[in-house]
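**Student:** The structure's right below; bear with me while I get my questions together.
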Amino acid sequence: MLQVLTGTLAQWVIPAFLGLALIYAFIKRVDVFDTFVSGAQEGFATSVKLIPFLVGMLVAIGILRASGALDLFISFLTPVLALFNIPGEVVPLAIMRPLSGSAALGITAEILQSKGPDSLLGRMASTMQGSTDTTFFVLTVYFGAVGIRRTRHALAVGLIADMAGFLAAITVCNFIFR
């Protein structure tokens with residue numbers, strides 16, 4: 001019963017929200033189409049501003065992977081990781097996730113394909129993918145798009161949150177699935 005209720009609710013939440021927004025706009029006499037077009041123009045302009053930041057980030061990630069620096073770094077960490085029951089296969093995901101969502105998704109897909117989605121590594125990778133964010137991407141792209149130059153503590157807080165997500169994913173998956 002609860003599953004049917006939540007399934008039905010999930011299907012209707014967004015259409016209901018959109019309907020309520022349209023009713024509210026009608027009551028306030030807002031020209032919805034013109035407002036939508038204006039927002040789309042701003043979104044396009046923002047997208048064009050983001051292109052240099054995206055290209056820079058993608059080039060840096062490509063250099064890191066192609067140079068073999070990432071693999072070398074992981075080989076140095078493997079003995080230490082073994083002490084804490086952290087599989088070396090998830091370290092590239094832990095490193096790439098704060099940098100690039102697409103690179104991290106590629107690593108996750110690679111783990112899922114080689115190890116299987118129901119394996120411990122597959123579950124860890126999936127949990128890490130869902131419980132962390134692309135910190136450097138967010139700071140570079142979004143902060144750059146709106147002209148924020150002094151990020152203050154945003155980088156430190158984002159990386160601490162990512163580390164907490166990685167460690168929680170490893171701990172929870174080891175506890176539940178091992």
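**Student:** Quick check on this structure: which one of Val37, Val55 is at pLDDT 85 or above and either β-branched (Val, Ile, Thr) or outside any helix (DSSP H, G or I) (or both)?
**Tutor:** From the options Val37, Val55, the qualifying one is Val37.
**Student:** How do the pairs read when you match residues in the range 118-138 that are under 22 Å from Leu58 (Cβ atoms) with residues anywhere that are among the hydroxyl-bearing types (Ser, Thr, Tyr), using Cβ under 7 Å and keeping only pairs 6 or more apart or on different chains?
**Tutor:** Once the first residue is under 22 Å from Leu58 (Cβ atoms) and sits in the range 118-138, its partners that are among the hydroxyl-bearing types (Ser, Thr, Tyr) give Ala125/Thr108; Gln129/Thr108; Thr134/Ser100; Phe137/Ser100.
**Student:** Cβ-Cβ under 6 Å, sequence separation 6+ or interchain: first residue in the range 49-76 and surrounded by 11 or more Cβ atoms within 10 Å (Cβ to Cβ), partner polar (S, T, N, Q). Which pairs?
**Tutor:** What qualifies is Phe53/Thr140; Met57/Thr140; Ile61/Ser100.
**Student:** Follow-up. When the residues of the range 137-178 are narrowed to those that are modelled with pLDDT of 90 or more and of a type in the set (Val, Ile, Thr), which ends up farthest from Pro117 (Cα to Cα)?
**Tutor:** Val157
**Student:** Among the residues of the range 77-96, is there at least one that is more than 27 Å from Asn174 (Cβ to Cβ), free of Cβ contacts under 8 Å to residues at least 12 places away in the same chain and β-branched (Val, Ile, Thr)? Can you show your working first?
**Tutor:** Restricting attention to the range 77-96, the residues satisfying the condition of being more than 27 Å from Asn174 (Cβ to Cβ) are none.
Checking the range 77-96: not a single residue is more than 27 Å from Asn174 (Cβ to Cβ), free of Cβ contacts under 8 Å to residues at least 12 places away in the same chain and β-branched (Val, Ile, Thr).
**Student:** Within the range 24-46, is there a residue that is over 30 Å from Thr140 (Cα atoms) and basic (Lys, Arg)? It would help to see each step written out before you state the result.
**Tutor:** From the range 24-46, those over 30 Å from Thr140 (Cα atoms) are 24-34; that's our starting set.
Subsequent filtering for residues that are basic (Lys, Arg) retains 28-29.
Within the range 24-46, one or more residues are over 30 Å from Thr140 (Cα atoms) and basic (Lys, Arg).
The values are calculated or read from the model by the stated rules, or taken from the named source; none is laboratory data. These figures come from a predicted structure and were not determined experimentally. Ideal geometry is used to build each Cβ from the backbone, glycine not excepted, and the neighbour counts take in all protein chains shown.
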